[in-house]
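Inspection log for the structure reproduced underneath, given as structure tokens.
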Amino acid sequence: MSYRLFVCILPPPDLAERLAALPELLAAPGVDLGRAIEPSKLHLTLTFLGDRHKKELTRIHESIERSVSGLPHFSLHPQLLMTLPRRQTPRLLAATTDEQPTLMEIHRLLVTRLIRPIARETHHALLAALHTDAL
């Protein structure tokens, strides 16, 4: 059995609430942009790992723990909104963050330790699945 995996950071609940409200705040009056992500499910994707077999999960979990062990706490600040995918009809609304040194170090360590992450967009928090006819 395989799982589609990614590594993420969960924002504090108050920030998750504010980010989850953005799609509705941005929509023109009477326009439904799509399905907003529930605050409890909102996360910042760090690295997409792709499909991985169940037998790899323990090693992956240990690698993630080693990657963040001993690193200082840090704060992230939303920077830009973007739609994904970038080169096709947008289906998702996401927010990017500033690239704090600790965040970049975590990403580097994850890529180094987990060997085959798939190159994806920059760090982002998914905010909504868009209705393509709303664009």
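When the Cα atoms of the chain are enclosed in a convex hull and the volume is divided per residue, what value in Å³ results?
Taking the convex hull of the Cα positions in the chain, it is 124 Å³ per residue.
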Original post:
Expressed in nm to one decimal, what extension gain is obtained for the pair A27 and S40 from 0.36 nm per residue of sequence separation less their Cα-Cα distance?
Top reply: 2.5 nm
Subject >> Within the chain: Cβ-based charge dipole about Cα centre, in debye rounded to nearest 20 (Lys, Arg +1; Asp, Glu -1) >> reply: 700
Original post:
In terms of modelled amide H atoms, which long-range or inter-chain residues lie less than 5 Å from the amide H of L127?
Top reply: L93, A94, A95
Original post:
Of the listed peptides 46-52, 76-82, 124-130, what is their order by residue-averaged count of other C-beta atoms within 10 Å, with the highest listed first?
Top reply: 124-130, 46-52, 76-82
Subject >> Computed helical MRE - 222 nm, the chain, DSSP H runs ≥ 4 contributing -39500 (n - 2.57), nearest 500 >> reply: -9500 deg cm²/dmol
**OP:** Taking the dipole about the Cα centre of segment 2-123, with the C-beta of Lys and Arg at +1 and of Asp and Glu at -1, give me whichever of I64, G34, Y3 is farthest to the positive side.
**Re:** Y3
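Every number here is computed from the coordinates shown, using simple stated rules; none is lab data. Every value quoted in this text rests on a predicted model; they were computed, and no experiment measured them. Glycine gets a Cβ as well: all are built from the backbone with ideal geometry, and neighbour counts include every protein chain shown.
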